[in-house]
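J.: Here it is: the structure, laid out below.
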Amino acid sequence: MDVMRLRILRELADRGTVAATAAALSMTPSAVSQQLKVLAREAGVPLLEPDGRRLRFTDAGRALVVRADEVLDALDRAADEMTSYARSPRGRVRVASFPSGAALLLPAVLEAADAIGVEVDASDEDVPASAVPALLADYDVVLTHRDERSAPLTDPRVRVDTLMREPIDLVLPSGHRLASQEKVRIDELAGEDWISVRGGFPVDDVLLSVAAVTAIRPRVVHRINDFRVIEELVAAGRGVALLPRHSVLHPHLVRVPLAGVRAARIYELATRPGAARRPAVAAVLDSFRAAAARKLSR
(Lines give C-alpha, C1' and ligand atoms only; values in the text may rest on other atoms or scores of the structure.)
Protein backbone atom coordinates (compact mmCIF):
# COMPACT_ATOMS: atom_id res chain seq x y z
CA MET A 1 0.00 0.00 0.00
CA ASP A 2 1.24 3.46 -0.85
CA VAL A 3 2.35 5.53 2.15
CA MET A 4 0.84 8.75 0.81
CA ARG A 5 -2.53 7.08 0.44
CA LEU A 6 -2.29 5.82 4.03
CA ARG A 7 -1.55 9.40 5.10
CA ILE A 8 -4.65 10.60 3.24
CA LEU A 9 -6.73 7.94 5.00
CA ARG A 10 -5.44 9.03 8.40
CA GLU A 11 -6.11 12.68 7.63
CA LEU A 12 -9.69 11.80 6.70
CA ALA A 13 -10.09 9.98 10.02
CA ASP A 14 -8.72 13.03 11.85
CA ARG A 15 -10.58 15.75 9.97
CA GLY A 16 -13.88 14.08 9.13
CA THR A 17 -14.51 15.33 5.59
CA VAL A 18 -12.89 15.02 2.19
CA ALA A 19 -12.85 18.83 1.85
CA ALA A 20 -11.00 19.33 5.13
CA THR A 21 -8.57 16.53 4.25
CA ALA A 22 -7.86 18.09 0.87
CA ALA A 23 -7.23 21.50 2.44
CA ALA A 24 -4.84 20.03 5.02
CA LEU A 25 -2.83 18.20 2.34
CA SER A 26 -2.97 20.95 -0.31
CA MET A 27 -4.88 18.67 -2.67
CA THR A 28 -8.19 18.93 -4.49
CA PRO A 29 -11.18 17.01 -3.08
CA SER A 30 -11.42 14.99 -6.29
CA ALA A 31 -7.75 13.96 -5.96
CA VAL A 32 -8.34 12.85 -2.37
CA SER A 33 -11.36 10.80 -3.42
CA GLN A 34 -9.43 9.18 -6.24
CA GLN A 35 -6.52 8.21 -3.98
CA LEU A 36 -8.92 6.71 -1.43
CA LYS A 37 -10.52 4.59 -4.18
CA VAL A 38 -7.07 3.34 -5.22
CA LEU A 39 -6.24 2.50 -1.59
CA ALA A 40 -9.46 0.49 -1.28
CA ARG A 41 -8.46 -1.51 -4.37
CA GLU A 42 -5.01 -2.10 -2.86
CA ALA A 43 -6.62 -3.24 0.41
CA GLY A 44 -9.07 -5.51 -1.41
CA VAL A 45 -12.01 -4.45 0.81
CA PRO A 46 -14.26 -1.38 1.06
CA LEU A 47 -12.79 1.21 3.44
CA LEU A 48 -15.54 3.83 3.24
CA GLU A 49 -19.28 3.87 2.65
CA PRO A 50 -21.81 6.65 2.00
CA ASP A 51 -23.51 8.26 5.00
CA GLY A 52 -25.85 10.87 3.59
CA ARG A 53 -23.64 13.48 1.93
CA ARG A 54 -20.59 12.35 3.90
CA LEU A 55 -18.47 9.21 4.09
CA ARG A 56 -18.04 6.94 7.07
CA PHE A 57 -15.44 4.28 7.74
CA THR A 58 -16.23 0.59 7.46
CA ASP A 59 -14.83 -1.73 10.12
CA ALA A 60 -11.97 -2.54 7.76
CA GLY A 61 -11.37 1.17 7.20
CA ARG A 62 -11.16 1.88 10.93
CA ALA A 63 -8.73 -1.02 11.35
CA LEU A 64 -6.54 0.29 8.54
CA VAL A 65 -6.46 3.76 10.11
CA VAL A 66 -4.91 2.24 13.24
CA ARG A 67 -2.30 0.44 11.10
CA ALA A 68 -1.66 3.65 9.17
CA ASP A 69 -0.88 5.36 12.47
CA GLU A 70 1.72 2.67 13.18
CA VAL A 71 3.30 2.89 9.71
CA LEU A 72 3.50 6.69 9.68
CA ASP A 73 4.81 6.76 13.24
CA ALA A 74 7.57 4.31 12.25
CA LEU A 75 8.52 6.56 9.32
CA ASP A 76 8.67 9.59 11.63
CA ARG A 77 10.95 7.67 14.00
CA ALA A 78 13.21 6.67 11.12
CA ALA A 79 13.47 10.29 9.99
CA ASP A 80 14.41 11.32 13.54
CA GLU A 81 17.09 8.63 13.70
CA MET A 82 18.59 9.71 10.38
CA THR A 83 18.59 13.31 11.61
CA SER A 84 20.49 12.31 14.74
CA TYR A 85 23.11 10.51 12.63
CA ALA A 86 23.62 13.71 10.67
CA ARG A 87 24.42 15.49 13.97
CA SER A 88 21.70 18.07 13.35
CA PRO A 89 18.85 18.95 15.75
CA ARG A 90 16.91 15.87 16.78
CA GLY A 91 13.67 17.03 15.22
CA ARG A 92 10.66 19.26 15.63
CA VAL A 93 7.83 18.55 18.06
CA ARG A 94 4.48 20.33 17.77
CA VAL A 95 2.96 20.98 21.21
CA ALA A 96 -0.50 22.27 22.12
CA SER A 97 -1.31 23.32 25.70
CA PHE A 98 -4.25 24.88 27.47
CA PRO A 99 -3.23 28.45 28.46
CA SER A 100 -2.93 28.15 32.26
CA GLY A 101 -1.08 24.85 31.93
CA ALA A 102 1.27 26.43 29.41
CA ALA A 103 1.95 29.34 31.76
CA LEU A 104 2.82 26.89 34.53
CA LEU A 105 4.96 24.36 32.64
CA LEU A 106 5.92 25.51 29.15
CA PRO A 107 8.87 27.82 30.02
CA ALA A 108 10.71 24.93 31.71
CA VAL A 109 9.82 22.55 28.86
CA LEU A 110 11.22 24.94 26.24
CA GLU A 111 14.40 25.48 28.25
CA ALA A 112 14.97 21.72 28.52
CA ALA A 113 14.26 21.23 24.82
CA ASP A 114 16.75 23.94 23.85
CA ALA A 115 19.43 22.24 25.94
CA ILE A 116 19.19 19.00 23.91
CA GLY A 117 18.58 20.49 20.47
CA VAL A 118 14.88 19.70 20.11
CA GLU A 119 12.80 22.33 18.33
CA VAL A 120 9.39 22.84 19.94
CA ASP A 121 6.57 24.60 18.08
CA ALA A 122 4.17 25.62 20.87
CA SER A 123 0.56 26.74 20.48
CA ASP A 124 -2.31 27.31 22.89
CA GLU A 125 -5.49 25.27 22.43
CA ASP A 126 -8.19 25.56 25.09
CA VAL A 127 -10.71 22.86 24.19
CA PRO A 128 -12.64 20.22 26.16
CA ALA A 129 -10.94 16.84 26.52
CA SER A 130 -13.36 15.37 23.98
CA ALA A 131 -11.73 17.51 21.27
CA VAL A 132 -8.20 16.22 21.93
CA PRO A 133 -8.24 13.40 19.30
CA ALA A 134 -8.88 15.96 16.57
CA LEU A 135 -5.99 18.13 17.80
CA LEU A 136 -3.56 15.25 17.28
CA ALA A 137 -4.02 15.73 13.54
CA ASP A 138 -1.90 18.87 13.90
CA TYR A 139 0.16 18.28 17.07
CA ASP A 140 2.52 15.61 18.39
CA VAL A 141 1.82 16.33 22.07
CA VAL A 142 -1.32 17.86 23.62
CA LEU A 143 -1.38 19.00 27.24
CA THR A 144 -4.98 18.79 28.38
CA HIS A 145 -6.93 18.89 31.65
CA ARG A 146 -10.12 17.52 33.18
CA ASP A 147 -12.07 17.42 36.44
CA GLU A 148 -10.65 14.59 38.54
CA ARG A 149 -14.15 13.09 38.79
CA SER A 150 -14.42 12.85 35.01
CA ALA A 151 -13.40 9.65 33.26
CA PRO A 152 -10.12 9.76 31.33
CA LEU A 153 -10.30 9.99 27.57
CA THR A 154 -10.43 6.56 25.94
CA ASP A 155 -9.67 6.27 22.24
CA PRO A 156 -7.72 3.50 20.47
CA ARG A 157 -5.80 6.15 18.51
CA VAL A 158 -4.82 8.25 21.54
CA ARG A 159 -2.43 7.51 24.40
CA VAL A 160 -3.12 9.51 27.57
CA ASP A 161 -0.64 9.77 30.46
CA THR A 162 -1.46 11.47 33.75
CA LEU A 163 0.97 14.28 34.53
CA MET A 164 -0.17 15.93 37.78
CA ARG A 165 -3.08 16.81 40.04
CA GLU A 166 -3.75 20.49 40.79
CA PRO A 167 -6.17 21.35 43.62
CA ILE A 168 -8.91 23.84 42.86
CA ASP A 169 -9.54 26.38 45.61
CA LEU A 170 -12.19 28.90 46.45
CA VAL A 171 -10.96 32.39 45.55
CA LEU A 172 -12.20 35.38 47.55
CA PRO A 173 -11.42 39.09 47.79
CA SER A 174 -9.04 39.72 50.70
CA GLY A 175 -11.76 41.64 52.56
CA HIS A 176 -14.44 38.93 52.22
CA ARG A 177 -16.14 37.75 55.42
CA LEU A 178 -14.76 34.21 54.89
CA ALA A 179 -11.25 35.15 53.76
CA SER A 180 -9.63 34.51 57.14
CA GLN A 181 -10.92 30.94 57.50
CA GLU A 182 -8.65 27.95 56.94
CA LYS A 183 -11.43 26.17 55.04
CA VAL A 184 -14.90 27.13 53.84
CA ARG A 185 -17.97 24.89 53.71
CA ILE A 186 -20.01 25.16 50.56
CA ASP A 187 -23.17 25.96 52.56
CA GLU A 188 -21.40 29.08 53.91
CA LEU A 189 -21.44 30.41 50.34
CA ALA A 190 -25.22 30.31 49.97
CA GLY A 191 -26.35 33.53 48.37
CA GLU A 192 -22.99 34.34 46.82
CA ASP A 193 -22.65 35.23 43.15
CA TRP A 194 -20.25 32.93 41.30
CA ILE A 195 -17.94 33.57 38.37
CA SER A 196 -17.06 30.48 36.37
CA VAL A 197 -15.73 29.39 32.99
CA ARG A 198 -17.85 28.17 30.11
CA GLY A 199 -19.47 24.77 30.39
CA GLY A 200 -17.42 21.76 29.39
CA PHE A 201 -14.14 22.98 30.90
CA PRO A 202 -12.63 21.49 34.09
CA VAL A 203 -13.24 24.38 36.50
CA ASP A 204 -16.93 24.46 35.65
CA ASP A 205 -17.04 20.65 35.81
CA VAL A 206 -15.64 20.88 39.35
CA LEU A 207 -18.26 23.46 40.29
CA LEU A 208 -20.99 21.16 38.98
CA SER A 209 -19.46 18.23 40.88
CA VAL A 210 -19.45 20.25 44.09
CA ALA A 211 -23.08 21.17 43.48
CA ALA A 212 -23.98 17.51 42.94
CA VAL A 213 -22.17 16.39 46.10
CA THR A 214 -23.60 19.12 48.33
CA ALA A 215 -27.04 19.58 46.69
CA ILE A 216 -26.38 23.34 46.71
CA ARG A 217 -26.77 25.01 43.32
CA PRO A 218 -24.38 27.96 42.79
CA ARG A 219 -25.70 31.13 41.17
CA VAL A 220 -23.33 31.76 38.24
CA VAL A 221 -23.55 35.38 37.05
CA HIS A 222 -20.57 35.49 34.64
CA ARG A 223 -18.83 32.88 32.48
CA ILE A 224 -15.33 33.86 31.35
CA ASN A 225 -12.53 31.53 30.31
CA ASP A 226 -9.65 33.93 31.01
CA PHE A 227 -8.46 33.36 34.59
CA ARG A 228 -6.89 36.86 34.76
CA VAL A 229 -10.29 38.44 34.06
CA ILE A 230 -11.93 36.20 36.66
CA GLU A 231 -9.31 37.28 39.22
CA GLU A 232 -9.96 40.96 38.52
CA LEU A 233 -13.72 40.51 38.86
CA VAL A 234 -13.38 38.62 42.15
CA ALA A 235 -10.97 41.25 43.47
CA ALA A 236 -13.55 43.91 42.53
CA GLY A 237 -16.19 42.12 44.59
CA ARG A 238 -18.29 40.92 41.66
CA GLY A 239 -18.49 37.35 42.92
CA VAL A 240 -16.49 34.36 44.16
CA ALA A 241 -14.86 31.69 42.03
CA LEU A 242 -13.11 28.36 41.93
CA LEU A 243 -9.64 28.54 40.38
CA PRO A 244 -6.70 26.14 40.04
CA ARG A 245 -4.23 26.67 42.87
CA HIS A 246 -1.20 27.56 40.76
CA SER A 247 -3.14 29.97 38.56
CA VAL A 248 -4.01 32.53 41.25
CA LEU A 249 -1.62 35.48 41.03
CA HIS A 250 -3.64 38.56 42.06
CA PRO A 251 -2.19 40.18 45.22
CA HIS A 252 -5.62 41.10 46.63
CA LEU A 253 -7.13 37.63 46.46
CA VAL A 254 -7.18 34.84 49.04
CA ARG A 255 -7.21 31.12 48.22
CA VAL A 256 -9.22 28.97 50.63
CA PRO A 257 -9.76 25.19 50.27
CA LEU A 258 -13.32 23.91 50.31
CA ALA A 259 -14.12 21.82 53.38
CA GLY A 260 -15.29 18.26 52.91
CA VAL A 261 -15.00 18.29 49.11
CA ARG A 262 -12.10 17.06 46.96
CA ALA A 263 -11.77 19.50 44.09
CA ALA A 264 -8.97 19.30 41.54
CA ARG A 265 -8.13 19.11 37.89
CA ILE A 266 -5.91 16.47 36.32
CA TYR A 267 -3.22 17.40 33.80
CA GLU A 268 -2.77 14.82 31.04
CA LEU A 269 -0.41 14.42 28.08
CA ALA A 270 -2.03 13.05 24.93
CA THR A 271 -0.10 11.59 21.98
CA ARG A 272 -0.60 9.07 19.24
CA PRO A 273 0.20 5.52 20.39
CA GLY A 274 3.86 4.92 19.68
CA ALA A 275 4.74 8.60 19.33
CA ALA A 276 6.94 8.41 22.44
CA ARG A 277 9.27 6.06 20.55
CA ARG A 278 10.41 9.12 18.60
CA PRO A 279 13.39 10.49 20.58
CA ALA A 280 12.32 14.11 20.20
CA VAL A 281 8.76 13.44 21.40
CA ALA A 282 10.03 11.32 24.30
CA ALA A 283 12.34 14.15 25.35
CA VAL A 284 9.49 16.67 25.36
CA LEU A 285 7.27 14.33 27.40
CA ASP A 286 10.11 13.87 29.91
CA SER A 287 10.52 17.65 30.09
CA PHE A 288 6.84 18.07 30.94
CA ARG A 289 7.13 15.43 33.67
CA ALA A 290 10.19 17.11 35.16
CA ALA A 291 8.53 20.55 35.09
CA ALA A 292 5.41 19.18 36.80
CA ALA A 293 7.47 17.42 39.46
CA ARG A 294 9.29 20.66 40.28
CA LYS A 295 6.02 22.57 40.63
CA LEU A 296 4.53 19.92 42.91
CA SER A 297 7.61 19.87 45.14
CA ARG A 298 7.32 23.56 45.99
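J.: Can you list the DSSP H helices in the chain whose Cα atoms extend at least 20 Å along the helix axis and whose mean Kyte-Doolittle hydropathy is 0.0 or higher?
T.: 99-116, 279-297
J.: Out of Glu148, Glu166, Glu232, any idea which swings most in a Gaussian network model of the chain, alpha carbons joined below 10 Å?
T.: Among Glu148, Glu166, Glu232, the largest mean-square fluctuation in the Gaussian network model of the chain belongs to Glu232.
J.: Quick one: accessible area per residue over segment 1-73, 1.4 Å probe, rounded to a whole number of Å²?
T.: Normalised by residue count, the accessible surface of segment 1-73 is 55 Å².
J.: Please identify, among Arg54, Arg255, Arg223, the residue showing maximal mean-square fluctuation in a Gaussian network model of the chain using a 10 angstrom Cα cutoff.
T.: Arg54
J.: Still on this structure, please answer the following. Relative contact order for the chain: what percent, with Cα pairs under 8 Å and sequence separation of 6 or more? Before the final figure, lay out the partial values.
T.: Values: 481 pairs, mean separation 65.8, N = 298.
Value for the chain: 22 percent.
J.: Using the Cα atoms as the points, what is the convex hull volume per residue of segment 128-283 in Å³?
T.: Enclosed volume per residue, from the Cα hull, is 119 Å³.
J.: Per the 1.4 Å probe, what fraction of the accessible area of segment 1-52, in percent, lies on carbon and sulfur atoms?
T.: Heavy-atom surface of segment 1-52 belonging to carbon and sulfur, 1.4 Å probe: 54 percent.
J.: If you don't mind, there's one more thing I want to ask. Let me know the charge dipole size of segment 125-180 about its Cα centre in debye, to the nearest 20, where only the beta-carbon of Lys, Arg (+1) and Asp, Glu (-1) is charged.
T.: In total the dipole reaches around 260 debye.
J.: Given 10 Å bins starting at zero, what is the percent of C-alpha pairs of segment 187-273 in each, up to the one with the largest pair distance?
T.: 16, 50, 27, 6, 1
J.: Find how many whole Å separate the alpha carbon centroid of segment 13-41 from the alpha carbon centroid of segment 250-298.
T.: Distance between centres, Cα-based: 36 Å.
J.: Give, rounded to the nearest 20 debye, the magnitude of the charge dipole that the chain has about its Cα centre when Lys and Arg contribute +1 at Cβ and Asp and Glu contribute -1 at Cβ.
T.: Once rounded to the nearest 20, the dipole reads 280 debye.
J.: Further, regarding this structure: Looking at the chain, what % of its DSSP beta bridges pair antiparallel, to the nearest 5?
T.: So the antiparallel bridges amount to about 60 percent of the total.
J.: Let me ask something else about it. Where the only charges are on Cβ atoms (+1 Lys, Arg; -1 Asp, Glu), what is the dipole of segment 1-122 about its Cα centre, to the nearest 20 debye? All intermediate terms of the calculation are to be shown ahead of the outcome.
T.: Details: 16 positive and 17 negative charges, 95 e Å.
It comes to approximately 460 debye.
J.: How large is the accessible surface per residue of segment 108-169, computed with a 1.4 Å probe and reported in Å² as a whole number?
T.: For segment 108-169, the solvent-accessible area averages 46 Å² per residue.
J.: Report the label-to-label distance for Ser180 and Ala115 in nanometres (one decimal), using points 7 Å from each Cα along the Cα→Cβ vector.
T.: For Ser180 paired with Ala115, the spin-label model returns 4.6 nm.
J.: Taking θ as phi - 60°, what are the ³J(HN,Hα) couplings along segment 137-153 by the Karplus curve (6.51, -1.76, 1.60), each to the nearest whole Hz, with x for Gly and Pro?
T.: Taking θ as phi minus 60°, the curve returns 5, 10, 10, 8, 9, 10, 8, 10, 8, 8, 4, 5, 7, 7, 6, x, 4 Hz for segment 137-153.
J.: How large are Rg and Dmax for the chain when calculated on the C-alpha trace, in angstrom?
T.: In order Rg, Dmax, the Cα atoms of the chain give 22.8, 72 Å.
J.: Can you compute the equivalent ellipsoid semi-axes for segment 232-279, i.e. the square root of 5 times each eigenvalue of the Cα gyration tensor, sorted largest first and rounded to whole Å?
T.: The three semi-axes for segment 232-279 are 35, 15, 9 Å.
J.: Something else now. Of Leu135, Leu178, Leu143, which is the most mobile in a GNM of the chain whose springs link Cα atoms less than 10 angstrom apart?
T.: So, out of Leu135, Leu178, Leu143, the one fluctuating most is Leu178.
J.: Averaged per residue, what accessible area in Å² does segment 190-240 show with a 1.4 Å probe, protein chains only? All intermediate terms of the calculation are to be shown ahead of the outcome.
T.: On the way: 2530 Å² over 51 residues.
Value for segment 190-240: 50 Å² per residue.
J.: With a 1.4 Å probe and every protein chain kept in, tell me what percent of the accessible surface of segment 138-231 is carbon plus sulfur. Spell out each step's value before the answer.
T.: Values: 2220 of 4530 Å².
Its accessible area is 49 percent carbon and sulfur atoms.
J.: Tell me, what is the percent relative contact order of segment 77-177, built from C-alpha pairs under 8 Å that lie six or more residues apart?
T.: Values: 91 pairs, mean separation 27.6, N = 101.
Relative CO of segment 77-177 lands at 27 percent.
J.: Segment 59-197: D in µm²/s via Stokes-Einstein (Kirkwood Rh, Cα pairs, 25 °C, 0.890 mPa s)?
T.: Rounded, D is 130 µm²/s.
The values are calculated or read from the model by the stated rules, or taken from the named source; none is laboratory data. These figures come from a predicted structure and were not determined experimentally. No Cβ is skipped: glycine too gets one built from the backbone with ideal geometry, and neighbour counts run over all protein chains shown. In case anyone asks, the SASA skips ligands and DNA or RNA and just uses the protein heavy atoms, side chains included. Shrake-Rupley method; radii C 1.70, N 1.55, O 1.52, S 1.80 Å.
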